[in-house]
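Student: Take this structure, written in structure tokens, and hold onto it; I'll ask about it next.
The values are calculated or read from the model by the stated rules, or taken from the named source; none is laboratory data. Predicted, not measured: the structure shown is a model, and the values here were computed from it. Cβ sites come from the backbone with ideal geometry, for glycine too, and all protein chains shown count toward neighbours. Remember, those area values only see protein heavy atoms, side chains included, never the ligands or the DNA or RNA. Shrake-Rupley method; radii C 1.70, N 1.55, O 1.52, S 1.80 Å.
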Amino acid sequence: MWAELLPVGRSATSGGYRRFAWNSADAECRAWFEQQARDRGLTYELDRNGNQWAWLGDPTAPGAVVTGSHLDSVPDGGAFDGPLGVVSSFAALDELRSRGAAFDKPLAIVNFGDEEGARFGVACIGSRLTSGFLSREQAYELRDADGLRLPDAMEKAGYDPTAIGADEERLSRIGAFVELHVEQGRHLTEEHPVGVASAIWPHGRWRFDFHGEANHAGTTRIEDRRDPMLTFATTVLAARKKARLAGALATFGKVAVEPNGTNAIASLVRGWLDSRAADEATLTDLVAAIEQAAAERGDRDGVRVELTRESYTPVVDFDGPLRDRLAKLLDAPVLPTGAGHDAGILASQIPTAMLFVRNPTGVSHSPAEHAEEADCLAGVAALADVLEDLACR
């Protein structure tokens, strides 16, 4: 399974992956998922929001145990973030069948669409739509870098966008969701290659628009310029300093410039801030401090600054009894994470847990992302044990 997925959407130049929502690589991943389901005699289903499901047992019965993750990537991302969870879910099912496990609850494997938000700027779109945290109206307003609306992209890919929206009935049939994911950091050890998540830091994405004045780079005097690039650059540095002082994280990882000419002063710079903290008060104060620093520098530069919050996820504490049950079952360490996941979106509505597989480099969202085969197999075995405990008699 791993070998089949490795070449899909991989850049020949960077070695990273470009599996974005509703593009050709995404279509290949979706076809792969459907084939894996059918090869195992599972009931394949595409829900109203474009998420894929593979069912063992009655999909309409209550108390289902669900596992899975996502197959899309960040720009030039690694091979493990998302796909490891989906591949491990199918492998865990194979392991349970080889054990002769007798299921007394429905089991489903899911591929949530557009988890990374690389194309439309909002993370976890598939699970946000399903849980109602992203409305149909909001989704219809999302556009990619080329100005194409999300529903138009879905339709172009052969899917019906008219039905997207909250799916309360589906969520009501799920008794537990367990997501396996590669560790994004470096906390697990060789002695403990699998861990259990305790919580996800609150996090969000904010767009800063720096409005200046376009002009000639070679003829405009320094004192006559209203250069938004200066305000943006100062804001990036301020974000780093204020995050460090707060014990939090702040990253400007995406920028768009207009008119984007080498010999032109920009008229507009857009920078996207990703910020995370251990608690919501710290995160709120941090973003406010970054906004204030941007506004103060903008006043000096003659640049107007606008801030728009594009997405936000409050602190997620995973279901305590389920977390403790899995940690005891696996004799695994419990650790928090600063990364968002579909499990975090669903956690307020259904009992949810996460397993992490050791990442010896600590690198993620990069082609250098890695997990050793032995650790991945340990993750499969752990997930199989969890599913057997939750779904089998």
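Student: Quick one: what pairs do we get from region 269-297, first residue within 11 Å of H203 (Cα to Cα) and free of Cβ contacts under 8 Å to residues at least 60 places away in the same chain, second open to solvent by less than 20 Å² (accessible area, probe 1.4 Å) and not polar (S, T, N, Q), C-beta under 9 Å, 6+ apart or different chains?
Tutor: Every condition considered, the pairs that remain are T282/P202; T282/A248; T284/P202; T284/A277.
Student: Report the residue count in region 155-178 for those that are within 22 Å of the chain's Cα centre (by Cα), under 19 Å from Q52 (Cβ atoms) and outside any strand (DSSP E or B).
Tutor: Result for region 155-178: 9.
Student: Can you tell me how many residues within region 68-96 are within 19 Å of L390 (Cα to Cα) and more than 16 Å from the chain's Cα centre (by Cα)? It would help to see each step written out before you state the result.
Tutor: In the first step, residues of region 68-96 are kept if they are within 19 Å of L390 (Cα to Cα); the result is 68-69, 85-86, 88-96.
Of the ones still in play, those that are also more than 16 Å from the chain's Cα centre (by Cα) are 88-96.
So the count comes out to 9.
Student: To continue, here is another question. Mind counting the residues in region 164-192 that are open to solvent by less than 40 Å² (accessible area, probe 1.4 Å) and either within 21 Å of R325 (Cα to Cα) or of a type outside the set (V, I, T) (or both)? Before you say what the answer is, go through the steps one by one.
Tutor: To start, the set of residues in region 164-192 that are open to solvent by less than 40 Å² (accessible area, probe 1.4 Å) comprises 164-165, 167, 170-171, 173-183, 185, 188.
Now narrow it down to the ones that are either within 21 Å of R325 (Cα to Cα) or of a type outside the set (V, I, T) (or both): 165, 167, 170-171, 173-183, 185, 188.
The number of residues fulfilling the criteria is 17.
Student: Can you name every residue in region 1-36 that is among the small types (G, A, S) and over 19 Å from the mean Cα position of the chain (by Cα)? Step through it out loud before you land on a result.
Tutor: Narrowing region 1-36 to residues among the small types (G, A, S): 3, 9, 11-12, 14-16, 21, 24-25, 27, 31.
Correct list: A3, S11, A12, S14, G15, S24, A31.
Student: Ok, one more. In a loop (DSSP other than H, G, I, E, B) and either at pLDDT 95 or above or open to solvent by less than 30 Å² (accessible area, probe 1.4 Å) (or both): does that describe D152?
Tutor: Numbers: in a loop (DSSP other than H, G, I, E, B): no; either at pLDDT 95 or above or open to solvent by less than 30 Å² (accessible area, probe 1.4 Å) (or both): yes.
No: the conditions fail for D152.
Student: Quick one: in region 228-251, of everything that is free of Cβ contacts under 8 Å to residues at least 40 places away in the same chain and not in a helix (DSSP H, G or I), which residue is surrounded by the fewest Cβ atoms within 10 Å (Cβ to Cβ)?
Tutor: G247
Student: Filtering region 112-143 down to residues that are touching a residue at least 24 places away in the same chain (Cβ under 8 Å) and aromatic (F, W, Y), which residue is most open to solvent (accessible area, probe 1.4 Å)?
Tutor: The first filter runs over region 112-143 and keeps only residues touching a residue at least 24 places away in the same chain (Cβ under 8 Å), leaving 112-133, 135-136, 139.
Of the ones still in play, those that are also aromatic (F, W, Y) are 112, 120, 133.
On the way: F112: 5, F120: 12, F133: 106 Å².
Filtering first and then ranking leaves F133.
Student: Just wondering, is there one or more residues in region 193-202 that are among the β-branched types (V, I, T), open to solvent by less than 30 Å² (accessible area, probe 1.4 Å) and out of contact with any strand residue (DSSP E or B) (no Cβ under 8 Å at 6 or more places or on another chain)?
Tutor: Keep residues of region 193-202 that are among the β-branched types (V, I, T), which gives 194, 196, 200.
Then drop every residue that is not open to solvent by less than 30 Å² (accessible area, probe 1.4 Å), which leaves 194, 196, 200.
From what's left, out of contact with any strand residue (DSSP E or B) (no Cβ under 8 Å at 6 or more places or on another chain): none.
Scanning region 193-202, I find no residue that is among the β-branched types (V, I, T), open to solvent by less than 30 Å² (accessible area, probe 1.4 Å) and out of contact with any strand residue (DSSP E or B) (no Cβ under 8 Å at 6 or more places or on another chain), so the answer is no.
Student: Output the residues belonging to region 335-383 that are open to solvent by 20 Å² or more (accessible area, probe 1.4 Å), touching a Pro at 6+ places or on another chain (Cβ under 6 Å) and not basic (K, R).
Tutor: Across region 335-383, the qualifying residue is only A378.
Student: Okay, next question. If a residue has to be at pLDDT 95 or above and either among the small types (G, A, S) or touching a Leu at 6+ places or on another chain (Cβ under 7 Å) (or both) to count, how many in region 182-199 make the cut?
Tutor: Result for region 182-199: 3.
Student: Still on this structure, please answer the following. Which one is most open to solvent (accessible area, probe 1.4 Å), of the residues in region 301-324 that are charged (D, E, K, R) and touching a residue at least 12 places away in the same chain (Cβ under 8 Å)?
Tutor: Step one: of region 301-324, the residues charged (D, E, K, R) are 301, 304, 306, 309-310, 317, 319, 323-324.
Narrowing further to those that are touching a residue at least 12 places away in the same chain (Cβ under 8 Å): 301, 304, 306, 309-310, 317, 319, 323.
Values: D301: 20, R304: 125, E306: 77, R309: 148, E310: 58, D317: 111, D319: 55, R323: 58 Å².
Looking at the filtered set, the residue picked out is R309.
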